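Beneath this line is the structure, given in structure tokens, with notes to follow.
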Amino acid sequence: MPPEFIDADPTSLPLSFRGYDCQATEELFRRVAWEYGLLVGEHRKLKNEMQGLLARSDAPPAGAAPRQATGDLDEVARSLLTAAHKAARDMRESAREDSERALKKARARAEEIGREAERDGAATAAVSEAAAALRATLQAALARLEAETPGSRLAASTESPQPTEVVTAAAKRLVKRVRS
């Protein structure tokens with residue numbers, strides 16, 4: 001396991017009679033060599049990965065200078081980063097435009113639903129008003145018929161009306177008048 005931090009300060013090494021302690025100095029050199037080997041391996045791995053990425057790309061990124069055979073890897077990395085930033089901006093802009101279109105569509109649909117609800121509400125109110133007017137007309141006609149009919153049960157009592165032949169006939173006449 002590699003050390004997190006190598007203390008390469010020679011003043012921290014223990015001293016012996018003739019200079020630095022040999023065992024401590026060798027341990028320090030081993031740790032430095034170990035860390036150096038890890039860094040060399042990581043550098044080699046990253047370099048191979050970068051060359052593989054460059055080999056896979058057919059054309060240089062947009063806005064980048066054409067790649068040279070002995071090109072500077074830092075410059076290539078910068079151009080790749082620039083191209084990645086541009087692609088990210090383009091993707092964000094595209095997503096923003098898509099969301100704005102969807103929002104406009106949703107708002108238009110909501111307005112349409114609101115208008116339909118208003119129309120339906122107005123139609124329901126009109127039907128309710130017509131039903132109330134018809135009910136009032138029928139009640140008035142029924143009251144007139146009951147008053148005109150001698151010996152009617154309604155004229156004689158305060159009970160709720162029971163359907164009779166006279167009331168049925170009067171209702172039929174009233175319906176004929178309303179239809180005509």
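The values are calculated or read from the model by the stated rules, or taken from the named source; none is laboratory data. Small disclaimer: the values here were computed from a predicted structure and weren't measured. Here the Cβ is made from the backbone with ideal geometry for all residues, glycine too, and neighbour counts use every protein chain on show. Only protein heavy atoms, including side chains, enter the accessible area calculation; ligands, DNA and RNA are left aside. Shrake-Rupley method; radii C 1.70, N 1.55, O 1.52, S 1.80 Å.
Taking the conditions exactly as written (of a type outside the set (Phe, Trp, Tyr), at pLDDT 90 or above, outside any loop (DSSP other than H, G, I, E, B) and surrounded by fewer than 11 Cβ atoms within 10 Å (Cβ to Cβ)), does residue 41 satisfy them or not? Spelling it out, residue 41 is indeed of a type outside the set (Phe, Trp, Tyr), at pLDDT 90 or above, outside any loop (DSSP other than H, G, I, E, B) and surrounded by fewer than 11 Cβ atoms within 10 Å (Cβ to Cβ). Scanning for something within 21 Å of residue 176 (Cα to Cα), in a helix (DSSP H, G or I) and touching a residue at least 12 places away in the same chain (Cβ under 8 Å), does segment 118-135 turn up at least one residue? Looking through segment 118-135, at least one residue is within 21 Å of residue 176 (Cα to Cα), in a helix (DSSP H, G or I) and touching a residue at least 12 places away in the same chain (Cβ under 8 Å). Residues considered: 112, 129. Of these, the only one that is open to solvent by less than 80 Å² (accessible area, probe 1.4 Å) and modelled with pLDDT of 80 or more is 112.
Scanning segment 115-126 for residues that are open to solvent by less than 80 Å² (accessible area, probe 1.4 Å) and at pLDDT below 85 yields 121, 122, 123, 125, 126.
Taken together, the criteria place residue 92 among residues that are open to solvent by 80 Å² or more (accessible area, probe 1.4 Å), under 30 Å from residue 50 (Cβ atoms), modelled with pLDDT of 85 or more and assigned to a helix (DSSP H, G or I).
Set side by side, the residues 109, 135 differ, and just one is more than 36 Å from the chain's Cα centre (by Cα) and of a type in the set (Lys, Arg), which is 135. Being under 30 Å from residue 52 (Cβ atoms), at pLDDT 85 or above, assigned to a helix (DSSP H, G or I) and of a type in the set (Gly, Ala, Ser) is a condition met by at least one residue of segment 72-81.
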